[in-house]
Structures are given as structure tokens and as C-alpha cells.
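Presented below is the structure to which this report refers.
Rule-based calculations on the coordinates, nothing more; no lab input. What you see is a predicted model; the values in this text were computed from it and never measured.
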Amino acid sequence: GAKFVHMVYCFARYVMIEDMKKLSVGTDIPFAEAIKWRPKDMYIAKARHRVAYNKLLQILQRQDFIIQEYEERAQ
């Protein structure tokens, strides 16, 4: 359900951030600082988050629908 999708989204975000931190060690790319940066306009940041979250939810729902269709046709 929605709680599971939210948990997967949070986990994927955490993994991505940790990976970016690991890859930025020893380079001149300040990923770690950029991740901690908070935008001045939180309304826009929250709107972008909602758009990304809804897009992820749509992708997961479409994938689930396709898997169910394949399972029905396989029987």
C-alpha cells in the first residue's frame, strides 16, 4: 500500500544519498554539502518532492499492473 511505497521511497533516497557521499570522497565535487543544503523556498522544494513521489508511485503501480497481466496470461 501507500505506507510500503513511502518506505521504499525513503530507503531508495537514503541509499542514493549514502552512495553519493561515498563517491564524492576525495573529489572536488561537494555532494555531501549539496545534500545537506536546504532551499530558501520550501514550498517549491515540497512541490518537487510531491511530484517525484507521485511519479514513483505511478511507475510502481504500472509495474504491478503489468506483472499481474503477465501472470494472468501465463495461466
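Taking the alpha-carbon distance from K21 and a cut-off under 17 Å, which aspartates and glutamates remain once sequence neighbours fewer than 8 residues away in the same chain are dropped?
Excluding near neighbours in sequence, the set is E33.
In straight Cα distance, which lysines are under 19 Å from K3, not counting same-chain residues fewer than 8 positions off?
Qualifying lysines at Cα under 19 Å: K46, K55.
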